[in-house]
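Novice: Okay, here's the structure, questions in a sec.
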Amino acid sequence: MSEKDPKSEMVTQAGTLDSPAAGAPPAAGAQTQETDSKPVVIQTRALSKVYRDFWGRQKVRALKALDLEGCQGEVLGLLGPNGSGKTTTIKLLLGLLFPSEGEALIFGKSATDVSKNERIGYLPEESYLYRFLNAEETLDFYGRLFDMPAEVRQQRVDELIRLVGLDKARRRQLQEYSKGMTRRIGLAQALINDPDLILLDEPTSGLDPIGTREMKDMILRLKSEGKTVVMCSHLLADVQDVCDRIAILHQGELKELGRVDTLLTVADVTQIRARGLSPECQHEIRDCIARHQGELLEMDNPTTTLEELFLRIVRDSEARPGQRAKVEGQESIARIQG
Ligand SMILES: Nc1ncnc2c1ncn2[C@@H]1O[C@H](COP(=O)(O)OP(=O)(O)OP(=O)(O)O)[C@@H](O)[C@H]1O
Ligand SMILES: [Mg+2]
């Protein structure tokens with residue numbers, strides 16, 4: 001996650017990648033949002049979606065007046081329980097659905113303008129790939145759709161297969177792939193055209209902890225290359241690890257929007273982490289906190305996360321096959337909160 005001064009980001013952007021100063025002002029009543037001082041890549045204004053039945057009768061109000069902006073180089077997370085409108089938002093941004101009210105702009109153009117598709121990559125919630133093709137054929141097929149010359153295509157296919165860790169399974173038909181492998185080839189397909197904007201619907205679903213970590217690293221790598229990523233998930237830890245900003249949806253309504261670090265900071269608690277403190281020193285720190293009328297909330301050795309532990313054990317097992325994993329001693333980091 002990038003470290004920026006949150007105060008410098010209280011700017012509503014009007015410029016877009018294609019027309020830096022040409023964007024219209026936000027719709028009346030739209031809230032000022034925290035955004036980077038980078039060009040706006042996605043923008044929704046009072047975006048709403050009502051699903052109707054065969055006779056045109058209202059069935060579900062899936063999205064209600066969503067105002068959202070996403071800037072270049074940012075990872076924006078859509079978070080919310082099942083049925084809260086995340087996939088609907090992504091499909092509206094892609095132009096796969098038409099809004100009932102409001103509008104969605106991508107690179108300053110309407111989401112329904114097909115010319116933007118060349119700059120977009122999409123990993124859908126469910127895979128729509130051809131089951132009888134293998135990984136190479138799949139990526140080659142999508143490369144052809146983007147009119148990539150044969151040489152460039154071949155190079156890109158090799159590069160992506162390696163990137164998503166499917167080198168050993170590159171000639172196996174997709175119908176033989178596990179769920180996690182299907183997710184990986186889906187991501188490779190989404191990146192075939194080297195898109196500037198990547199929309200990922202539940203990117204880590206079905207992935208094991210190693211695959212999840214790799215997916216998160218890939219998302220951060222895309223960000224470091226200046227790409228914009230919009231992802232939705234209900235796996236909170238994944239969102240927290242990679243997203244710069246999050247929008248929390250509930251029943252189609254935007255409930256919260258802001259930088260993850262700002263939203264999660266507990267302003268009135270100070271956390272200190274130190275290594276190598278003697279018991280006397282720790283005692284002094286306790287005294288110091290008491291002298292200053294502070295309240296010591298916690299002072300102990302931190303625990304690692306289950307994800308860290310799992311990854312360490314798997315890596316150890318790969319390095320020393322056939323032996324029981326050696327779990328390193330916990331580092332004694334005195335953690336003080338007060
Ligand atoms: N094609 C459709 N026709 C009718 N209703 C739909 C359709 N697609 C989605 N909905 C409804 O719209 C609402 C939002 O659905 P959406 O798929 O956007 O949710 P989501 O946040 O992606 O959920 P999940 O976490 O389960 O993927 C739900 O009530 C859903 O039943
Ligand atoms: Mg969904």
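Novice: Among the residues of segment 161-177, which ones are without any contact (Cβ under 8 Å) to a residue 24 or more places away in the chain and either surrounded by fewer than 16 Cβ atoms within 10 Å (Cβ to Cβ) or under 21 Å from Glu118 (Cα atoms) (or both)?
Specialist: Step one: of segment 161-177, the residues without any contact (Cβ under 8 Å) to a residue 24 or more places away in the chain are 162, 167-168, 176-177.
Matches in segment 161-177: Arg162, Asp167, Lys168, Glu176.
Novice: In addition: So is Leu78 in a strand (DSSP E or B) and more than 16 Å from ligand 2 (Cβ to nearest atom) or not? Spell out how you get there, then give the answer.
Specialist: Details: in a strand (DSSP E or B): yes; more than 16 Å from ligand 2 (Cβ to nearest atom): no.
Spelling it out, it is not the case that Leu78 is in a strand (DSSP E or B) and more than 16 Å from ligand 2 (Cβ to nearest atom).
Novice: In segment 308-331, which residues are within 22 Å of Arg275 (Cβ to Cβ), out of contact with any Leu (no Cβ under 9 Å at 6 or more places or on another chain) and modelled with pLDDT under 75?
Specialist: Within segment 308-331, Lys326, Glu328, Gly329, Gln330, Glu331 meet the criteria.
Novice: Still on this model: Can you name every residue in segment 96-105 that is within 15 Å of ligand 1 (Cβ to nearest atom) and buried (at least 19 other Cβ atoms within 10 Å of the Cβ)?
Specialist: First, the residues of segment 96-105 that are within 15 Å of ligand 1 (Cβ to nearest atom): 96-100, 104.
Listed by number, the residues that qualify are Leu97, Pro99, Ala104.
Novice: Restricting to segment 44-86, what's the tally of residues that are within 7 Å of ligand 1 (Cβ to nearest atom) and surrounded by 20 or more Cβ atoms within 10 Å (Cβ to Cβ)?
Specialist: Residues flagged as within 7 Å of ligand 1 (Cβ to nearest atom) and surrounded by 20 or more Cβ atoms within 10 Å (Cβ to Cβ) within segment 44-86 amount to 5.
Novice: Out of all the residues in segment 249-301, which are within 30 Å of Leu92 (Cβ to Cβ) and not in a strand (DSSP E or B)?
Specialist: The first filter runs over segment 249-301 and keeps only residues within 30 Å of Leu92 (Cβ to Cβ), leaving 249-264.
The answer is Gln251, Gly252, Val260, Asp261, Thr262, Leu263, Leu264.
Novice: Can you tell me how many residues within segment 270-323 are in contact with a strand residue (DSSP E or B) (Cβ under 9 Å, 6 or more places away or on another chain) and loosely packed, with under 10 Cβ neighbours inside 10 Å? Break it down stepwise before answering.
Specialist: Kept after step one, since they are in contact with a strand residue (DSSP E or B) (Cβ under 9 Å, 6 or more places away or on another chain), are these residues of segment 270-323: 270-277, 281-282, 285-286, 289, 296-302.
Right, trim to loosely packed, with under 10 Cβ neighbours inside 10 Å and you get 275-276.
Of the residues in that region, 2 qualify.
Residues are listed down the side, and each one gets a yes or a no for (1) away from ligand 1 (no atom under 16 Å from the Cβ); (2) within 16 Å of Gly165 (Cβ to Cβ):
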{"site": "Leu191", "(1), (2)": "yes, yes"}
{"site": "Asp201", "(1), (2)": "no, no"}
{"site": "Ser205", "(1), (2)": "no, no"}
{"site": "Arg221", "(1), (2)": "yes, yes"}
{"site": "Lys227", "(1), (2)": "yes, no"}
{"site": "Ser233", "(1), (2)": "no, no"}
{"site": "Asp241", "(1), (2)": "yes, no"}
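Novice: Follow-up question, since we're still on this one. Just checking, does segment 169-177 include any residue being within 27 Å of Leu235 (Cα to Cα) and within 16 Å of ligand 1 (Cβ to nearest atom)? Explain how you work it out, then say what you get.
Specialist: If we filter segment 169-177 for residues that are within 27 Å of Leu235 (Cα to Cα), which is where we start, we get 174-177.
Still in the running and within 16 Å of ligand 1 (Cβ to nearest atom): none.
There is no residue in segment 169-177 that is within 27 Å of Leu235 (Cα to Cα) and within 16 Å of ligand 1 (Cβ to nearest atom).
Every residue, every condition in (1) within 16 Å of ligand 2 (Cβ to nearest atom); (2) of a type outside the set (Ser, Thr, Tyr); (3) in contact with a helix residue (DSSP H, G or I) (Cβ under 8 Å, 6 or more places away or on another chain); (4) over 21 Å from Pro39 (Cα atoms), yes or no:
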site	(1), (2), (3), (4)
Arg57	no, yes, no, yes
Ala62	yes, yes, yes, yes
Leu97	yes, yes, yes, yes
Ala104	no, yes, yes, no
Glu118	no, yes, no, no
Met148	no, yes, yes, yes
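Novice: Checking Leu93 against (1) within 16 Å of ligand 1 (Cβ to nearest atom); (2) closer than 24 Å to Leu220 by Cβ; (3) over 18 Å from the mean Cα position of the chain (by Cα): exactly one of these is not met. Which one?
Specialist: (3)
Novice: For segment 34-56, which residues satisfy the criterion of being more than 23 Å from Thr112 (Cβ to Cβ), at pLDDT below 80 and part of a loop (DSSP other than H, G, I, E, B)?
Specialist: Across segment 34-56, the qualifying residues are Glu34, Asp36, Ser37.
Novice: Residue pairs, Cβ under 7 Å, 6 or more apart or interchain, first in segment 85-103 and touching a residue at least 12 places away in the same chain (Cβ under 8 Å), second within 12 Å of ligand 1 (Cβ to nearest atom) and of a type in the set (Val, Ile, Thr). List them.
Specialist: Leu97/Thr88; Ser100/Val50
The values are calculated or read from the model by the stated rules, or taken from the named source; none is laboratory data. Values in this document were obtained by computation on a predicted structure and should not be read as measured data. Note that we place each Cβ from the backbone using ideal geometry, even for glycine, and neighbour counts take in every protein chain shown.
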